[in-house]
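The values are calculated or read from the model by the stated rules, or taken from the named source; none is laboratory data. Every value quoted in this text rests on a predicted model; they were computed, and no experiment measured them. Using ideal geometry, Cβ is built from the backbone for each residue, glycine included, and neighbour counts are taken over all protein chains shown.
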Amino acid sequence: MTIQDLKQWLDIGLVKNGNMKKFHLKQIIKEQTEETVKQCPAPTQDLELNTLNRNRAIKADFIKYGPLNLSDEGYWEEYAKKWGETTSAKEAKQSNCSNCVAFDISKRMETCMPGSTDEDGRLGYCWMHHFKCHSARTCYTWAAGGPINDDEASYDWQKRNLKGALDKEPIEAIEENVIKALKIL
């Protein structure tokens, strides 16, 4: 019996007792996940998908990504109201994508971006809403604690968001999903 035959016999033996499936399946899943996590998120590579996801974030009442014009004081005043009566527009401007927990500007994400923007800020990837966002803008789902600066943290966010990150279809609004579910009932 050659070494190759012995290896094949051992593999067949593992199939017979069921261990090969679990072991090899776990290994395959682990390898595929590691490779998948290293891909650029689909919206960073597909302008149409990015635009659809961004437009959804602009229109959705619970997100309201903006403003289009950074000097739009009306937007900032409205955004300040979200934080309470004592919050000024000037204070609200400090809660922007550049310091959001989901804003990814890691080295690996920089390679996924199309290039620089303007003197007002930079592009990063939003892991909450899956589009390229501008650091000087904000949204109603902003959360303190960012940005994501290191590749390890970026990969961790992608592992937790694989479907949204790699899905070639735009993310649907929660309201749209609810309406679809009600129609089925």
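Summary of values
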{"quantity": "Near pairs, Cβ below 8 angstrom, 6+ apart or cross-chain, from region 96-117 (touching a residue at least 24 places away in the same chain (Cβ under 8 Å) and within 10 Å of Cys133 (Cα to Cα)) to any residue that is outside any helix (DSSP H, G or I) and of a type in the set (Val, Ile, Thr)", "calculated": "Cys97/Thr138; Phe103/Ile148; Asp104/Ile148"}
{"quantity": "Only one of Asn69, Asn53 that is under 26 Å from Thr111 (Cβ atoms), at pLDDT 65 or above and in the same structural domain as Ser95 (by TED's automatic domain parsing)", "calculated": "Asn53"}
{"quantity": "Residue that is surrounded by the most Cβ atoms within 10 Å (Cβ to Cβ), among those in region 106-131 that are aliphatic (A, V, I, L, M) and more than 12 Å from the chain's Cα centre (by Cα)", "calculated": "Leu123"}
